[in-house]
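Structure first, then comments.
The values are calculated or read from the model by the stated rules, or taken from the named source; none is laboratory data. Fair warning: this is a prediction, and the values are worked out from it, not measured in the lab. We place every Cβ from the backbone using ideal geometry, glycine too, and count neighbours over all the protein chains shown.
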Amino acid sequence: MSVLEHRVAFWETDAMGIMHHANYVKLLEMARVLWLREHDVPYRDWVDQERHFAVTHVDVRYRRAVRFDDPIQVAVWLEWVKGASCGIAYEVRAGEELVATGRTEHGMVDGTGRVVRIPAERRESMARKAAGRGD
């Protein structure tokens, strides 16, 4: 598991003064890139090989609003990995309080957008991490 520390910026809030729902998706992406850096390889390495984890599904469940300058933490972990896809889970907390949960699914594509398999060595390494929900 990795944990992204974030403080809600003013530009992330809406007219009601709460973090706009679309900005949670940005947080999930930032957390996902952090997880790859800490537990796999930096996303830049994938891009250099013309490989991308295209988002195929996003689900965010909101439990409580967060506001400008609130410190929040996004915990992220790999749930599963298959031949050309993976699933990632998230918990967003403000201190001890769970404020949102999320899940994303991704398909590996090449530089032209064609679906390709995750290289066996990387997939096996990721699968070991998913089995342990972290490390």
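Scanning segment 106-120 for residues that are in a loop (DSSP other than H, G, I, E, B), at negative phi and of a type outside the set (A, V, I, L, M, F, W, C) returns GLY111, THR112, ARG114, ARG117, PRO119.
Pairing each residue of segment 4-27 that is at negative phi and surrounded by 19 or more Cβ atoms within 10 Å (Cβ to Cβ) with any residue that is assigned to a strand (DSSP E or B) and charged (D, E, K, R), provided the two are 6+ apart or on different chains, yields C-beta distances under 9 Å for VAL8/ARG67; THR13/ARG67; MET19/ARG67.
Filtering segment 39-53 to residues that are charged (D, E, K, R), surrounded by 13 or more Cβ atoms within 10 Å (Cβ to Cβ) and touching a strand residue (DSSP E or B) at 6+ places or on another chain (Cβ under 7 Å) leaves only ARG51.
Candidates THR112, THR56: the one that is touching a Gly at 6+ places or on another chain (Cβ under 6 Å), of a type in the set (Val, Ile, Thr), more than 30 Å from ALA15 (Cβ to Cβ) and loosely packed, with under 15 Cβ neighbours inside 10 Å is THR56. Looking across segment 77-88, the residues that are touching a Gly at 6+ places or on another chain (Cβ under 7 Å), assigned to a strand (DSSP E or B) and not aromatic (Phe, Trp, Tyr) come down to GLU79, SER85. Scanning segment 86-106 for residues that are among the small types (Gly, Ala, Ser) and under 16 Å from TRP35 (Cβ atoms), we see that the one that is surrounded by the most Cβ atoms within 10 Å (Cβ to Cβ) is GLY102.
When SER125 is tested against (1) crowded, with 17+ Cβ neighbours inside 10 Å; (2) hydroxyl-bearing (Ser, Thr, Tyr); (3) modelled with pLDDT under 95, only condition (1) is not met.
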